[in-house]
Every structure is written in structure tokens, then in C-alpha cells.
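Here the structure is laid out as C-alpha cells; the discussion comes afterwards.
The values are calculated or read from the model by the stated rules, or taken from the named source; none is laboratory data. Source: prediction; values computed, not measured. Cβ coordinates were reconstructed from backbone atoms using ideal geometry, including for glycine residues, and neighbour counts include every protein chain displayed. Just the protein is used for accessible areas: all its heavy atoms, side chains included, with ligands, DNA and RNA removed. Shrake-Rupley method; radii C 1.70, N 1.55, O 1.52, S 1.80 Å.
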Amino acid sequence: MTGEGADNTIVLTSRIRLARNLRGESFPGWAKKEQRRRTLEILRPAVEALPCMKDAFSQELDDLNSVQKQVLVERHLISREHAARGEGSAAVIERRQSIALMLNEEDHLRMQAIRPGMSLRAAYDSLAAVDEELEQSLEIAFDHELGYLTTCPTNLGTGLRASAMLHLPALVLSDQIGQVLQAVNKIGLAVRGLYGEGTESLGNLFQISNQSTLGESEETILRRLERVIAQVATHERNARDKLLEDDPEMVSDKIGRAYGVLRHAWIIDSKEALNHLSLLRLGGDLGFLPNETVKSCDALLMDIQPAHLQLHSGRKLSPEERDSIRAEIVRTRLQTLQAPDIRSTRKKDEDDQNPEML
């Protein structure tokens with residue numbers, strides 16, 4: 001999220017995921033413990049041998065405690081479902097955390113690549129190279145009519161899930177978000193919350209992804225998703241311009257209140273913090289706050305998550321302790337951040353309305 005990527009004021013990250021299974025082996029959900037151990041013994045050496053996985057993080061999930069697993073979930077490196085798996089599941093994650101492989105999740109292999117900004121092609125190219133290397137050492141379940149065979153029928157075919165994480169505060173503030181997301185759903189794409197299916201859209205963050213993989217090529221899936229994400233980003237930019245034109249005081253008030261709460265709160269829960277950080281990030285994008293505000297907000301979006309707080313504290317924390325420590329971290333990180341400069345935006349609006357005065 002803190003890297004440089006195309007259109008990263010609105011598109012925070014791009015992700016590609018591929019689902020693969022071993023030929024002749026039971027799917028993980030049906031397999032007995034000894035079968036899951038056998039497939040793991042086949043998969044893990046092949047994955048660890050990949051050139052990109054030199055010095056990688058490689059652990060069986062049984063060897064991680066609940067906080068460590070939740071940290072990986074919060075970083076979008078494993079799924080919530082994978083964190084709940086028992087014996088015979090593992091995660092292998094590249095050092096930069098841009099490529100991660102889940103072993104014995106819903107499928108034998110769930111591979112993903114994450115890139116900053118609008119970078120679906122770069123993410124796909126890096127993961128396609130990993131997929132090609134693994135197919136040279138593993139027997140992958142494939143059918144000439146159905147494509148790659150997967151546990152869930154919706155993943156049949158390419159086994160490809162492409163998605164982008166978008167920051168859409170202006171569409172939310174202008175009450176247009178429902179209309180835009182409904183249009184996205186109508187053309188066969190899925191919209192989910194911060195942590196995927198069934199989760200809430202905290203911090204005005206939304207994931208948009210393809211729903212079907214059978215009967216379409218990778219190129220078709222990527223091209224359609226790129227087109228729709230570009231359209232949604234355009235709607236967000238237009239909504240920002242319209243809000244500044246029609247109701248600049250409301251926008252200024254929202255950003256100012258977010259700044260005040262984050263700079264001075266002593267207790268704050270995850271939801272409130274994420275929503276205020278979203279508005280502060282918007283202030284940075286609009287020029288109300290310094291440019292570095294955006295990167296600070298992106299880092300905080302991750303560091304104030306419950307498991308991250310507990311990992312850094314070295315112990316389990318009660319909800320009340322987390323809320324207190326979260327507020328302290330935010331106050332400390334933002335202590336040198338100057339107050340939003342509303343006057344510069346107002347002056348720009350006045351100049352636009354009175355060009356003869358220039």
C-alpha cells in the first residue's frame with residue numbers, strides 16, 4: 001500500500017490469485033489428515049524451491065499462534081479460512097510479501113501476487129511465472145473442457161481471481177456508492193469489504209473482483225476488470241470535484257473533525273480509527289494536508305489492526321487495551337502533522353469563480 005503504483009490515490013492495491021490442485025489427490029476439505037500431510041509434503045518443497053522464495057517465510061499453520069495467523073490475515077497474505085485450518089496447512093511468503101502461497105486452503109494451492117496501485121498486469125505476470133515453474137515439478141489437475149479443476153465450481157477454468165482495493169470516500173459522502181456498486185454487480189463483478197467476502201467496507205475501502213473464471217480467458221478477465229476499475233475511479237474523482245464545488249464546508253468539516261479526533265483521542269476502536277484515517281487520507285489527496293499524509297495513513301491502516309497491536313506489544317490485549325494503545329500510536333505518528341489548510345482550497349475556489357481578479 002505504501003509503494004508507488006499507477007492511480008494509487010484511489011486504487012490502493014491490485015491482487016491476482018490462482019487456484020490449483022494436485023492430480024489424483026482429494027481436495028483439502030475432503031481429505032483425511034494423512035492425505036493432507038502427504039499433499040503438503042509434495043507441495044512445500046516445490047514452492048520453497050522457487051527462485052522468488054529464497055529466504056522466504058515458510059511455516060505450517062499449526063506452528064503459529066492465533067495472533068501470528070491473524071497478522072497474516074490483516075496483511076492479506078492468507079485468508080480467514082486458511083487461518084482456521086488445522087494440521088497439514090502451511091503458508092510460504094516471499095520476503096517483500098508481494099507473493100504468497102497458501103498450501104491446503106480450500107484448494108491445494110492458492111497463489112497470490114499483490115502490487116501497489118493499479119498494477120493488475122504486473123501482478124498477473126509475476127504470478128504466471130510462478131505458476132509456470134510449479135507446473136514443471138507438480139502434476140496439476142486439469143481438464144481440456146473444464147480447465148483447472150478446483151474445489152469450488154466458480155473457480156473452474158482459469159482459476160483466476162483478479163481484484164483491486166479502492167478508496168472511495170467521496171462516493172460514500174455523496175451517497176452515490178450504492179448506485180455505483182450496484183452497477184458493478186450487474187456486469188458480473190463482485191464487491192467486497194476490507195477482508196473479502198462477508199466483511200464490512202471499513203475505511204471506505206472496497207474490493208472489486210471477477211466472479212466467474214470458466215469460459216473466459218485470463219486476458220478477457222483482466223481487460224474487463226481494468227475497464228470497470230478505471231470507470232469507478234473516474235466516478236470517485238468526479239465525486240470529489242463535485243463535493244468541493246457544491247459543499248466545500250462539509251468536506252472541510254469532515255476532514256477537520258477526523259484530524260481533531262485522531263490527534264487528540266485517548267481511546268479509539270478499529271472502525272472509528274479506520275473511518276477517520278480514510279478522511280485524513282482524502283485530505284492529503286485533495287491538498288488540505290501535506291502529501292506525506294497519505295503514506296502515513298496507509299501505514300497506520302495496517303499497524304492499528306488488532307493482531308498487529310498485540311504482536312508489537314508482545315502479549316494478548318483486551319479490547320479496551322487495544323483501543324487505548326491504538327489511540328496512542330495514532331497520536332504519536334500524527335503529532336507533527338499540521339492542521340488542515342482549508343484556506344488554500346477556498347482561495348482556489350474563489351479564484352475559479354472570479355477569473356477576472358487574477
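Please go through segment 283-300 and pick out each residue that is hydrophobic (A, V, I, L, M, F, W, C) and over 17 Å from Gly260 (Cβ atoms).
Taking segment 283-300 and keeping what is hydrophobic (A, V, I, L, M, F, W, C), we get 286, 288-289, 294, 297, 299-300.
Of everything in segment 283-300, those that are hydrophobic (A, V, I, L, M, F, W, C) and over 17 Å from Gly260 (Cβ atoms) turn out to be Leu286, Val294, Ala299.
The residue pairs whose first member lies in segment 78-90 and is in a loop (DSSP other than H, G, I, E, B), whose second member is aromatic (Phe, Trp, Tyr), and whose beta carbons are closer than 9 Å, counting only pairs six or more residues apart or on different chains, are Ser79/Tyr195.
Right, Arg20: within 29 Å of the chain's Cα centre (by Cα) and farther than 22 Å from Glu133 by Cα or not? The answer is no for Arg20.
Within segment 148-163, residues that are among the aliphatic types (A, V, I, L, M) sit with their Cβ atoms under 6 Å from residues that are open to solvent by 30 Å² or more (accessible area, probe 1.4 Å) and not in a strand (DSSP E or B), at 6+ positions apart or across chains, in these pairs: Leu156/Leu146; Leu156/Leu214; Leu160/Glu218.
Counting the residues of segment 142-152 that are under 15 Å from Arg110 (Cα atoms) and not in a strand (DSSP E or B) gives 4. Picking from residues in segment 167-191 that are among the small types (Gly, Ala, Ser) and within 21 Å of the chain's Cα centre (by Cα), the one that is surrounded by the fewest Cβ atoms within 10 Å (Cβ to Cβ) is Gly178.
Is it the case that Asp55 is assigned to a helix (DSSP H, G or I) and of a type in the set (Asp, Glu)?
Details: assigned to a helix (DSSP H, G or I): no; of a type in the set (Asp, Glu): yes.
No, not satisfied.
Rundown of residues vs (1) modelled with pLDDT under 95; (2) exposed (fewer than 12 other Cβ atoms within 10 Å of the Cβ); (3) within 20 Å of Leu277 (Cα to Cα), yes/no style:
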| site | (1), (2), (3) |
| --- | --- |
| Thr332 | no, yes, yes |
| Thr336 | yes, yes, yes |
| Ile342 | yes, no, yes |
| Lys347 | yes, yes, no |
| Glu350 | yes, yes, no |
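A search for C-beta distances below 8 Å between a residue of segment 171-194 that is small (Gly, Ala, Ser) and any residue that is part of a helix (DSSP H, G or I) and buried (at least 17 other Cβ atoms within 10 Å of the Cβ), counting only pairs 6+ apart in sequence or on different chains, returns Ser174/Ala239; Ser174/Leu243; Gly193/Leu202.
Apart from one condition, Leu277 fits all of (1) closer than 30 Å to Ser318 by Cβ; (2) part of a helix (DSSP H, G or I); (3) open to solvent by less than 50 Å² (accessible area, probe 1.4 Å); (4) touching a His at 6+ places or on another chain (Cβ under 9 Å); the exception is (4). Going through (1) over 25 Å from Asp143 (Cβ atoms); (2) in contact (Cβ under 8 Å) with a residue 40 or more places away in the chain; (3) outside any loop (DSSP other than H, G, I, E, B) one by one, Pro45 falls short only on (2).
Please work out if Arg96 is of a type in the set (D, E, K, R), under 30 Å from Leu282 (Cα atoms), open to solvent by 30 Å² or more (accessible area, probe 1.4 Å) and out of contact with any strand residue (DSSP E or B) (no Cβ under 6 Å at 6 or more places or on another chain). Outline the logic, then answer.
Working: of a type in the set (D, E, K, R): yes; under 30 Å from Leu282 (Cα atoms): yes; open to solvent by 30 Å² or more (accessible area, probe 1.4 Å): yes; out of contact with any strand residue (DSSP E or B) (no Cβ under 6 Å at 6 or more places or on another chain): yes.
Here the answer is yes, as Arg96 does meet what is asked.
Based on this model, can you work out whether Ser14 counts as touching a helix residue (DSSP H, G or I) at 6+ places or on another chain (Cβ under 7 Å) and surrounded by fewer than 22 Cβ atoms within 10 Å (Cβ to Cβ)?
Working: touching a helix residue (DSSP H, G or I) at 6+ places or on another chain (Cβ under 7 Å): yes; surrounded by fewer than 22 Cβ atoms within 10 Å (Cβ to Cβ): no.
No.
Tally the residues that are open to solvent by 50 Å² or more (accessible area, probe 1.4 Å) and hydroxyl-bearing (Ser, Thr, Tyr), restricting the search to segment 152-166. Let's see the steps before the verdict.
Taking segment 152-166 first, the residues open to solvent by 50 Å² or more (accessible area, probe 1.4 Å) are 153-154.
Among the residues that remain, those that are also hydroxyl-bearing (Ser, Thr, Tyr) are: 154.
Adding up the residues that qualify gives 1.
Is one or more of the residues making up segment 118-136 open to solvent by less than 10 Å² (accessible area, probe 1.4 Å) and in contact with an Asp or Glu (Cβ under 8 Å, 6 or more places away or on another chain)? Yes, segment 118-136 contains a residue that is open to solvent by less than 10 Å² (accessible area, probe 1.4 Å) and in contact with an Asp or Glu (Cβ under 8 Å, 6 or more places away or on another chain). Annotation: of all residues in segment 281-318 being part of a helix (DSSP H, G or I) and without any contact (Cβ under 8 Å) to a residue 40 or more places away in the chain, the one that is surrounded by the most Cβ atoms within 10 Å (Cβ to Cβ) is Cys297. For segment 38-90, the set of residues classified as β-branched (Val, Ile, Thr) and surrounded by fewer than 18 Cβ atoms within 10 Å (Cβ to Cβ) consists of Ile42 only.
Any residue at all in segment 235-242 that's aliphatic (A, V, I, L, M), buried (at least 16 other Cβ atoms within 10 Å of the Cβ) and at pLDDT 95 or above? Steps first, please.
Step one: of segment 235-242, the residues aliphatic (A, V, I, L, M) are 239.
Narrowing the set further to residues that are buried (at least 16 other Cβ atoms within 10 Å of the Cβ) leaves 239.
So of that shortlist, the ones also at pLDDT 95 or above come out as 239.
Yes: one or more hits.
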